[in-house]
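Quick note: the coordinates plus some simple rules give every number you see, no bench work behind them. In this text, all values refer to a predicted model and were calculated from it rather than measured experimentally. Cβ: placed from backbone, ideal geometry, glycine included. Neighbour counts: every protein chain shown.
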Amino acid sequence: MGKSTMAANLATTLALDPTLRVVAVDLDPQNMLRLHLGVPLHEGRGFAHMLDQPQLWHQVGQRTDDGMTVLPYGALDLSASVNMSARLEQAPALLAEPLRILASDPASMVVVDTEPGPSTALRAILPHVDVLLTVLAADAASAALFPDIESGRAYGHGLPAAQYFVINQFDPMTRLGPRIARSLAAQMGPRLLGVVHRDEYVSEALAAQKTVAAYAPRAQASHDIAGICRKLLTALGRY
Ligand SMILES: Nc1ncnc2c1ncn2[C@@H]1O[C@H](COP(=O)(O)OP(=O)(O)OP(=O)(O)O)[C@@H](O)[C@H]1O
Ligand SMILES: [Mg+2]
């Protein structure tokens, strides 16, 4: 849908501000966020290998060329990921507390990328989230999900103070896309930060392990994403 793409590009934009310490955290066992940010594929270390030792997480945080840090989930097999999820079910503070401490520094900005759908990790951190950005597509599935997302039902714990949306992979040439996008936009109002066009440069950027802005600065998607980042920064009170 574009969650990791948005998280990586947003974190990189935030990192342009030299007074900010930006940390992008990957809560998805697929461990893909690091690839959007230039961390090598063979680098499999991550915080999930040391959930009980948050004082050591800095050892697996990867500094990127953009001057930010990405904290990868880590390469875990199926059983290890399921065990991790079960541990967070029992003790959400194992994840929530270190991230809360990290974010409590006024100079810090923590951008969290999640796995699709409900997860124990998402539930653990939601109470501490200031701004929730949901990435949807202009398709029937997103239109059907929207009422539950908007009401907070899909997020269980209720919603953070600020909830925003992005419509991604928009293709104006399709029959359904523009109609669904218009309907979603009317429901979202000012909470819609923008629409990102479907653009091959986005997938190419991932293959090149770069953000879209770095890979293809003149691409339509780069333009779209930059506008969304500006609006989000305004919402965060940064501009
Ligand atoms: N606007 C776009 N145009 C074209 N391709 C896109 C666009 N947005 C995302 N993609 C591609 O779709 C794929 C999924 O994107 P991404 O990883 O950002 O989504 P995700 O929501 O994080 O996925 P997952 O649910 O698997 O974590 C990637 O290959 C990405 O390059
Ligand atoms: Mg993802």
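Taking the charge dipole of segment 3-235 about its Cα centre, with +1 at Lys and Arg Cβ atoms and -1 at Asp and Glu Cβ atoms, the residue from M188, P106, Y155 reaching farthest to the positive side is M188. Here segment 3-235 was treated as a single set of alpha-carbon atoms; its pair distances binned every 10 Å from 0 give 7, 32, 37, 20, 3, 0 percent. Using 0.36 nm per residue and subtracting the Cα-Cα separation, the extra length available between V131 and T174 on full extension is 12.3 nm. Rounded to the nearest 10 degrees, the inclination of helix 140-151 to the longest alpha-carbon principal axis of the chain is 60 degrees.
Is it possible to state the helix-based mean residue ellipticity at 222 nm for the chain, with each DSSP H run of 4+ residues giving -39500 (n - 2.57), the sum divided by total residues, to the nearest 500 deg cm²/dmol? What is it? Present the calculation step by step, with values, prior to reporting the outcome.
Working: 10 runs with 99 residues, N = 239.
Here the helix-only value at 222 nm equals -12000 deg cm²/dmol.
Which of the peptides 88-96, 129-137 is most tightly packed, and how do the rest follow, judged by the mean count of other Cβ atoms within 10 Å per residue? Spell out each step's value before the answer.
On the way: 88-96: 16.2, 129-137: 19.0.
Top of the packing list down: 129-137, 88-96.
Over the C-alpha trace of segment 140-239, radius of gyration and Dmax come out as 14.9, 40 angstrom.
Under unit Cβ charges (Lys, Arg +1; Asp, Glu -1), what dipole magnitude, rounded to 20 debye, does segment 88-156 have relative to its Cα centre?
On the way: 3 positive and 9 negative charges, 26 e Å.
The dipole of segment 88-156 has a size of about 120 debye.
Ordering 190-196, 54-60, 224-230 by mean Cβ neighbour count within 10 Å, with the highest value first, yields 224-230, 190-196, 54-60. Students often get this wrong: which residues of segment 108-151 have the backbone nitrogen under 20 Å from the point 7 angstrom along Cα-to-C-beta of A185? The answer is 134-147, 150.
If the segment from H223 to A80 were pulled out straight at 0.36 nm per residue, it would be longer than the present Cα-Cα gap by 47.5 nm. Simple spin-label estimate for A207 and S151 gives 4.3 nm between the two label positions (7 Å along the Cα-to-Cβ direction from each Cα).
Between beta-carbons, use under 13 Å as the cut-off and find the net charge around R191, counting Lys and Arg +1, Asp and Glu -1. The partial results should precede the final answer.
Numbers: positive: K231; negative: E150.
In short, 0.
Taking +1 at the Cβ of each Lys and Arg and -1 at the Cβ of each Asp and Glu, which of P72, L14, Q55 sits farthest along the dipole of segment 14-88 towards its positive end, judged by Cα position relative to the Cα centre? The residue sitting most towards the positive pole is Q55.
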